[in-house]
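Inspection log for the structure reproduced underneath, given as structure tokens.
The values are calculated or read from the model by the stated rules, or taken from the named source; none is laboratory data. Fair warning: this is a prediction, and the values are worked out from it, not measured in the lab. Neighbour counts are summed over all protein chains in view; Cβ atoms, including those assigned to glycine, are modelled from backbone coordinates with ideal geometry.
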Amino acid sequence: MAWLQGMLLAGLDLLDEGVSLFDENLTLLAWNRLFIDLLGFPEEMVKVGTPFEDFIRYNAQHGEYGEGDIASMVAGRMAVARSRQTSRAERTQANGRVLLVRGEPLPNGGLITLYADITRQHSEERALRQQYVMLEQSVGRRAAELEAANAQLIDANAVNTQITAALKRSEERLRLITDTIPALIAYFDKKEIYRYTNKGYSDWFGRKTEHIEDRHIEAALGSKFYAAVHSYVLTALGGQQVTYEYSMDKEDGSVVFARSTLVPELSPDGEVQGCFVLSFDITEQKRTQAALVQAQKMEAVGQLSGGIAHDFNNMLTVVIGNLAELRVRLEENPALIEFLDPAMQAAERGVELIKRLLTFSRQQPLEPAPVQIGGLVLGMMKLLRRSLPENIAIDTQLPDDPLYAMADPHQLESAILNLTLNARDAMPEGGHLRIDARAVEINAKDALSLELDKGEYVQINMADTGLGMDESVQLRVFEPFFTTKKFGSGSGLGLSMVYGFVKQSGGAVKITSAPGHGTIVSLFLPRADEASLPTGRLNFRGLAGGREKLLVLLVEDDPDVRRVVRLQLTGLGYPVLEAASGDEAADMLNAVPEIGLLLSDVVMPGSLNGRALAKFARTSRPQVRVVLMSGYTDEAHNAPTLDELPPVPLLKKPFTQAQLSALLDEVTLCHSQAT
């Protein structure tokens, strides 16, 4: 998934914090440019696979952790990292820069660390405290001047008027300054009574200044907020500066996040008089972090799904092959065949289930072509209407002019049908489903949020008036086997299949939903034109006859799968040689000139996988027909590729003897015509 990795790294470089991502072995997986700039690591050091310990030792050797035994400092920090606990610390570098370093464990055992330059924040806090000190000093000097003038003035009322005006001017000046600062600023005394709030602080909580000042924290902002921050308030009133983060539900249903620092105000004798509050809105930062973690989780689940699917395809190949052979041998015994047919049907349903897993993990081979969206949707309307009860209406809003998207038409039809069935289940009391499509131009900002390249796309919207989903469900809705339906009502793979297909097609999926307000699922697919037809693919569509009795070299590392395929080949009249690895097969190709057809698995142990073996055969024995078989196709297993060589047909596991026979007939015929 090189393009996805590139997109992820490009996205990380847009963050305003340094980011480093380590796997479960604490070796570097990903980073952004700010990580290097903030910590000053050499360029050649920052690469995939660099151990976490190397970075710690580099910092220790350059005085980042102060003076002391370097080995002890490295050991202590490695122990913290290995504990997979959340960590948080401020570090002042030799150049005076202050970094906030936060480590968060990931579900897959890895570690993500964020580095924020908070030098400016510290400076602002110091400046704020200095402003308060200067203000107090100014007020004190002014009060002294007024007191001195009081002795010389006869009219006490005039003195009071001047004092009041001076204090008012000072307060107005202070409020003007703090309202201009892009931060949330407040002050409460030792009785937890607010004495001052700036405009940003009041606006954040949706209150007016007069509804907060001169009121207790709980009375001003509510019991829920007070319960969340009470322990930090007590710590600060005890004389200790404290920094913390909290979330708050807004009236519109959204959730916002803030980071606050409470700075105690001390009297000359050391008694705490109150606390200054300095807060910053970190909502966007939190959303970016959540999106990164979610992307990592979905990628890990996809890899796991692909591996499981591969293993199950091998198992199903054995099951289906043996059931098919048993059925042939028991044709004269209908009573036993009655037991075999349900087993075969169950195995075939397992094949469909595995296909959906492969689609989610983006390992199912696609056949993209320009698809006329309006024609495809209208062609499905009869099927879609039959899939919905009478109490659900369905209509379309499609462009008058032909609109083409680059996608696999069969997978797109399956995705639309899955989304229709999901909409049906979300409207048990009836409702309305609308399908619309249009061309859209995705700009750089929207492309970042959708994890796309900017450019032209086709947007297909499936909007229902059903129950809707809350935010927690939306975060998990694309995970395989996750479902909100009752047990037995669904596999939880429908939306997973849609997600994998669209992502593999170079597109994106967006869900807009809220409880009680329905759901809109938007598919974004690359736009195409009618002329961009695919070329250069083999045509295997039912050519028949012409099979030669070639000597077949069967290469498969799983002995059970190899036995089933051998029986299928011998049943078709082919003589068979067997090899358990690519290296063994290469030796046999060199030693046995009579071999006429190579049938090899893709994923195998040793130095030669199936594709490398195919390349070897095409180079050393160009007259040998080559067919590959695999439970899944994954880019990691495709190297080396067959560049500048004829394309190799792929037989997807599990397969029947009839499917194997048809493909070998076509390969033999195509090869004969080509020569």
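Whenever a residue of the range 550-563 is under 22 Å from P593 (Cβ atoms), its partners that are at pLDDT 90 or above and among the hydroxyl-bearing types (S, T, Y), lying with C-beta atoms within less than 7 angstrom and at least six residues away or across chains, give the pairs V555/S600.
The set of residues in the range 219-262 that are assigned to a helix (DSSP H, G or I), in contact (Cβ under 8 Å) with a residue 12 or more places away in the chain and among the hydroxyl-bearing types (S, T, Y) comprises Y232, T235. Being out of contact with any Lys or Arg (no Cβ under 8 Å at 6 or more places or on another chain), surrounded by 15 or more Cβ atoms within 10 Å (Cβ to Cβ) and at pLDDT 90 or above is true for just one of R438, R434. Which residue is that? Matching residue, one of R438, R434: R434. Every condition in (1) at pLDDT 90 or above; (2) in a loop (DSSP other than H, G, I, E, B) is met by L467 except one, and the failing one is (1).
So which of K503, K445 ends up being farther than 20 Å from S387 by Cα, surrounded by fewer than 17 Cβ atoms within 10 Å (Cβ to Cβ) and at pLDDT 80 or above? Full working, then the answer.
Details: K503 fails: surrounded by fewer than 17 Cβ atoms within 10 Å (Cβ to Cβ).
Of the residues listed, the single one that is farther than 20 Å from S387 by Cα, surrounded by fewer than 17 Cβ atoms within 10 Å (Cβ to Cβ) and at pLDDT 80 or above is K445.
For the range 93-109, which positions are touching a strand residue (DSSP E or B) at 6+ places or on another chain (Cβ under 8 Å), within 16 Å of Y65 (Cα to Cα) and free of Cβ contacts under 8 Å to residues at least 60 places away in the same chain?
Selection gives Q93, R97, V98, L100, V101, R102.
Taking (1) closer than 25 Å to V319 by Cβ; (2) under 36 Å from the mean Cα position of the chain (by Cα); (3) not hydrophobic (A, V, I, L, M, F, W, C) in turn, S607 satisfies each apart from (1). One residue alone among P334, P368 is at pLDDT 75 or above and over 30 Å from S247 (Cα atoms), and that residue is P368. Of the numbered conditions (1) exposed (fewer than 14 other Cβ atoms within 10 Å of the Cβ); (2) within 28 Å of the chain's Cα centre (by Cα), F35 satisfies every one except a single condition; which is it? Of the numbered conditions (1) exposed (fewer than 14 other Cβ atoms within 10 Å of the Cβ); (2) within 28 Å of the chain's Cα centre (by Cα), the odd one out for F35 is (1).
Restricted to strands (runs of 3 or more DSSP E) entirely inside the range 70-132, those with at least 2 residues that are surrounded by fewer than 14 Cβ atoms within 10 Å (Cβ to Cβ) are 87-92.
Count, please, the residues in the range 618-649 that happen to be aliphatic (A, V, I, L, M), at pLDDT 85 or above and not in a loop (DSSP other than H, G, I, E, B).
Residues meeting the conditions: 4.
Screening D311 on (1) acidic (D, E); (2) part of a helix (DSSP H, G or I); (3) modelled with pLDDT of 75 or more shows it passes everything except condition (3).
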